[in-house]
């Protein structure tokens with residue numbers, strides 16, 4: 001089976017976002033009162049279990065507001081932000097995704113509805129949609145050729161599809177020390 005790497009295009013006129021919420025420091029790691037690294041936990045388990053409110057806001061250096069079917073996250077976090085229609089297409093083609101409604105906002109606080117925080121299966125080489133790396137999420141996913149064809153046929157916008165023969169392209173092993181302040 002051949003695979004495709006799916007990610008956002010990230011053009012400058014597109015909406016780029018980063019996580020925000022009460023207690024987020026201007027610089028450094030955002031840690032919850034319970035001691036959890038927000039960026040890391042969002043990529044591993046989503047936001048529902050966190051003891052802080054998290055939303056995504058237009059990045060301070062982003063002038064773009066064009067909405068796409070996958071949003072570019074400037075924080076490099078693991079979970080993806082996908083449109084409702086992209087999530088529906090992936091599920092219609094057998095994807096087993098953990099999702100939650102994403103609170104996305106423009107810089108002025110205006111809501112941007114229609115997006116979900118998506119956690120794809122990690123390390124499952126048989127899944128039609130799975131993580132880019134075998135051990136973690138990185139904000140882009142690997143999809144089967146069937147799904148790539150369906151995405152093209154649906155004319156979804158702002159997506160980059162790159163063919164690959166590898167189930168897990170570009171494997172990189174990271175130690176726990178990669179996460180600042182841990183390991």
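The values are calculated or read from the model by the stated rules, or taken from the named source; none is laboratory data. Since we're looking at a predicted model, the values are computed, not measured. FYI the Cβ positions are ideal-geometry reconstructions off the backbone, even for glycines, and counts take in every protein chain you see.
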Q: Specify the residue that is modelled with the highest pLDDT; the eligible residues are those in the range 74-92 that are surrounded by 19 or more Cβ atoms within 10 Å (Cβ to Cβ), touching a helix residue (DSSP H, G or I) at 6+ places or on another chain (Cβ under 7 Å) and under 23 Å from residue 58 (Cβ atoms).
A: 79
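To keep it simple, each residue is scored yes or no on (1) buried (at least 18 other Cβ atoms within 10 Å of the Cβ); (2) part of a strand (DSSP E or B); (3) within 12 Å of the chain's Cα centre (by Cα); (4) touching a residue at least 40 places away in the same chain (Cβ under 8 Å).
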{"residue": "71", "(1), (2), (3), (4)": "yes, yes, yes, yes"}
{"residue": "131", "(1), (2), (3), (4)": "yes, yes, yes, no"}
{"residue": "156", "(1), (2), (3), (4)": "yes, no, no, yes"}
{"residue": "166", "(1), (2), (3), (4)": "no, no, no, yes"}
Q. Can you tell which of 98, 79 is in contact (Cβ under 8 Å) with a residue 40 or more places away in the chain and farther than 16 Å from residue 17 by Cβ?
A. 98
Q | Verdict on residue 95 being part of a loop (DSSP other than H, G, I, E, B), at pLDDT 95 or above and farther than 13 Å from residue 117 by Cβ | A | yes
Q.
Take the residues in the range 140-154 that are assigned to a strand (DSSP E or B) and in contact with a strand residue (DSSP E or B) (Cβ under 6 Å, 6 or more places away or on another chain); name whichever of them is surrounded by the fewest Cβ atoms within 10 Å (Cβ to Cβ).
A. 140
(Q) Return the residues of the range 24-45 that are touching a strand residue (DSSP E or B) at 6+ places or on another chain (Cβ under 9 Å), surrounded by 12 or more Cβ atoms within 10 Å (Cβ to Cβ) and free of Cβ contacts under 8 Å to residues at least 40 places away in the same chain; say none if nothing qualifies. (A) 30, 31, 38, 39
Q | Failed item in (1) touching a helix residue (DSSP H, G or I) at 6+ places or on another chain (Cβ under 6 Å); (2) within 15 Å of residue 6 (Cα to Cα); (3) surrounded by fewer than 21 Cβ atoms within 10 Å (Cβ to Cβ), with residue 137 passing the rest | A | (3)
(Q) Of all residues being modelled with pLDDT under 95 and surrounded by fewer than 15 Cβ atoms within 10 Å (Cβ to Cβ) in the range 110-129, which is farthest from residue 44 (Cα to Cα)? Just the residue, please. (A) 126
Q. Is at least one residue of the range 54-62 closer than 22 Å to residue 141 by Cα and assigned to a helix (DSSP H, G or I)?
A. no
